[in-house]
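Q: Below: one structure in structure tokens.
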Amino acid sequence: MQNDSAGVTCPICRKAMVAKTANWSYLCEPCDYWSATLSPVNTIIPQGAGYDIATDADNPIAHLDGLRNANYDKCLEQLVAIREPSECRLLEVGCGPGGFLQRAQRFGFRAVGIEPSEALMLQARAKGVEVRLGLFPQCLRDDEHFDVIVFNDVFEHLPDPARVIATCRRHLKPAGLIVINLPNAHGLFFRLARLGAMCGVATPWERMWQKMFYTPHLHYFTPASLEALCVASGLEPMTQPIWLQSLSTKGLWSRIRLSQEASLAYSIAIYVGALVFSIFTPLCESDCMLRIFRNTSRN
């Protein structure tokens, strides 16, 4: 589903964006920032609404656990180098089934999560972590403050990123940290998907944006455009871009076939292409990046 595209503006320079590659994807060329007029999730997702994720090993999403856990540990190691975990109250926005929160607790953080999916919230609570069912920031009290707020593959799904950062700053303690793990518009797969769409093959571009899924991507940043947005919003960079692993061949076929709209021929082509590109991706800028920023507000 798409939103009205009228008045699409860049959150960094506040100038009008231009439709590129598709009639629902927009680019601000000076800022190197992409946006989409797709509909975000703006309500709690009840169990049985088609967004449940199984936990058994045969589930295609479960095959990503190893990759995600390695990326989570890399993120937490960066945080530990900056802050003492035992002194930090950590909030994860969109915590899913609780994998990051569970690992954050093991590192010593006092962690809590927010999750709009009832099914995923229950899975997270079964891991022994504290999770609130709801949306950010509606389920936070006005006077609640955290030392760290984390977005793992969530920031790109939220509308109005400048407002998201402003809200985070209101709920951060002085010099609190914002951690953003998200896709990279300079990544190899993003570039190839756009090239394919420009040549008339739209499916990879739609898949990059998760256009056919319940929770589409609304933004694609580069390292520079994300930093520009955060600095303009009152944050200070604490790290250079940290590249995270973005491709796991384990369970790849099952993940490709998650989209019922994709033909068998397309799925085979993507599968073979992904196997080939997995050889070359270590030589390129990763499709997934991590940045950590500090709040400059003194509250």
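Q: Keeping to segment 140-165, report how many residues are part of a loop (DSSP other than H, G, I, E, B) and more than 15 Å from the chain's Cα centre (by Cα). Talk me through it step by step, then tell me what you get.
A: Our first condition is that a residue be part of a loop (DSSP other than H, G, I, E, B); within segment 140-165, this holds for 140-145, 153-154, 158-160.
Right, trim to more than 15 Å from the chain's Cα centre (by Cα) and you get 140-145.
Of the residues in that region, 6 qualify.
Q: With respect to PRO60, determine if the residue is more than 24 Å from LEU158 (Cα to Cα), under 20 Å from the mean Cα position of the chain (by Cα), at pLDDT below 95 and not β-branched (Val, Ile, Thr). Reasoning before the result, please.
A: Details: more than 24 Å from LEU158 (Cα to Cα): yes; under 20 Å from the mean Cα position of the chain (by Cα): yes; at pLDDT below 95: yes; not β-branched (Val, Ile, Thr): yes.
Considered against the rule, which asks whether it is more than 24 Å from LEU158 (Cα to Cα), under 20 Å from the mean Cα position of the chain (by Cα), at pLDDT below 95 and not β-branched (Val, Ile, Thr), PRO60 comes out as yes.
Q: Out of all the residues in segment 36-57, which are crowded, with 17+ Cβ neighbours inside 10 Å and either over 22 Å from ALA119 (Cβ atoms) or modelled with pLDDT of 80 or more (or both)?
A: Matches in segment 36-57: ALA36, THR37, LEU38, VAL41, ILE45.
Q: If I go through segment 118-143 residue by residue, how many of them are of a type in the set (D, E, K, R) and closer than 14 Å to PRO46 by Cα? Give the derivation first.
A: First, pick out the residues of segment 118-143 that are of a type in the set (D, E, K, R): 118, 125, 127, 130, 132, 141-143.
Now drop any that are not closer than 14 Å to PRO46 by Cα, which leaves 118, 132.
Number of matching residues: 2.
Q: Being closer than 23 Å to GLN245 by Cβ and either of a type in the set (Lys, Arg) or under 15 Å from the mean Cα position of the chain (by Cα) (or both) is the filter here, so list the residues in segment 187-215 that pass it.
A: Of everything in segment 187-215, those that are closer than 23 Å to GLN245 by Cβ and either of a type in the set (Lys, Arg) or under 15 Å from the mean Cα position of the chain (by Cα) (or both) turn out to be GLY187, PHE190, ARG191, ARG194, ARG207, MET208, TRP209, GLN210, PHE213, THR215.
Q: With touching a residue at least 60 places away in the same chain (Cβ under 8 Å), over 21 Å from LEU79 (Cβ atoms), touching a helix residue (DSSP H, G or I) at 6+ places or on another chain (Cβ under 9 Å) and surrounded by fewer than 21 Cβ atoms within 10 Å (Cβ to Cβ) as the only criterion, which of LEU133, LEU122 stands out?
A: Going through LEU133, LEU122 in turn, the sole match is LEU133.
Q: In addition: Contact list please: Cβ distance under 8 Å, first residue in segment 156-169 and hydroxyl-bearing (Ser, Thr, Tyr), second residue surrounded by 15 or more Cβ atoms within 10 Å (Cβ to Cβ), pairs at least six apart or on different chains.
A: The qualifying pairs are THR167/PHE136; THR167/PRO137.
Q: If you take the residues of segment 90-113 that are among the aromatic types (Phe, Trp, Tyr) and touching a strand residue (DSSP E or B) at 6+ places or on another chain (Cβ under 8 Å), which of them is surrounded by the fewest Cβ atoms within 10 Å (Cβ to Cβ)?
A: Among those residues, the one meeting the criterion is PHE109.
Q: Continuing with this model, one more query. Give the residue that is modelled with the lowest pLDDT, with candidates limited to residues of segment 166-188 that are in a helix (DSSP H, G or I) and surrounded by fewer than 23 Cβ atoms within 10 Å (Cβ to Cβ). First the steps, then the outcome.
A: First pass over segment 166-188, keeping only residues in a helix (DSSP H, G or I): 166-170, 188.
Restricting the remaining residues to those that are surrounded by fewer than 23 Cβ atoms within 10 Å (Cβ to Cβ) gives 166-167, 169-170, 188.
Working: ALA166: 97, THR167: 97, ARG169: 97, ARG170: 96, LEU188: 86.
Once the filter is applied, the top-ranked residue is LEU188.
Q: Select, from LEU90, LEU76, the only residue that is assigned to a strand (DSSP E or B), in contact (Cβ under 8 Å) with a residue 24 or more places away in the chain, under 16 Å from ARG294 (Cα atoms) and not polar (S, T, N, Q).
A: Just a single option satisfies the conditions, and that option is LEU90.
Q: When you go through (1) out of contact with any strand residue (DSSP E or B) (no Cβ under 7 Å at 6 or more places or on another chain); (2) modelled with pLDDT of 95 or more one by one for TRP209, which number turns out not to apply?
A: Tallying (1) out of contact with any strand residue (DSSP E or B) (no Cβ under 7 Å at 6 or more places or on another chain); (2) modelled with pLDDT of 95 or more, TRP209 fails exactly one: (1).
The values are calculated or read from the model by the stated rules, or taken from the named source; none is laboratory data. This structure is a prediction, so every number in the text was calculated from the model and none was measured. No Cβ is skipped: glycine too gets one built from the backbone with ideal geometry, and neighbour counts run over all protein chains shown.
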